[in-house]
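The values are calculated or read from the model by the stated rules, or taken from the named source; none is laboratory data. Because the structure is a prediction, the values reported are computed rather than measured. FYI the Cβ positions are ideal-geometry reconstructions off the backbone, even for glycines, and counts take in every protein chain you see.
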Amino acid sequence: MTFIDKSKNHFKFGVNEWNGEPNKPVFYNDEMRKRVREIPKPTYDLLMDVVMYPEFLALRLYEDNFLQFDGNKKEMVIDYVSKVKRLIESYGVRCELEGAPSERLL
């Protein structure tokens, strides 16, 4: 059995509370930004932000904006968001989806 040498900054980015493994660094660099923009948007008026948190990145979708799509367009938006999520995860960064609630009541 080997022990972890804590002097090597093994837990520099914290510990994942679910599995006890050290967290990976969270970053969103220019290369990732360029690759995300290479994926064609399904519609020009889709609003999506990439938000950095200490443990992960999040793709933020806005409820007002998402509700304007219906049927086939909504499926295309969901497909686009899942492609962007998989792309970010391919860089070894944890990525989650986040919804921003509507500012007005429906």
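I'm checking my understanding of the structure. Among residues of region 61-106 that are within 12 Å of the chain's Cα centre (by Cα) and of a type in the set (S, T, N, Q), which one is modelled with the highest pLDDT? Write out each step before concluding.
Residues of region 61-106 within 12 Å of the chain's Cα centre (by Cα): 61, 81-99.
Of the ones still in play, those that are also of a type in the set (S, T, N, Q) are 82, 90.
On the way: Ser82: 96, Ser90: 90.
Taking the candidates together, the pick is Ser82.
Inside region 34-88, residues that are exposed (fewer than 11 other Cβ atoms within 10 Å of the Cβ) and aliphatic (A, V, I, L, M) make up a count of 0. What are the pairs, 6+ residues apart or on separate chains, where a residue within region 31-60 that is at pLDDT below 90 has its Cβ under 6 Å from a residue that is of a type in the set (S, T, N, Q)? Final answer for the pair search is Glu55/Asn23.
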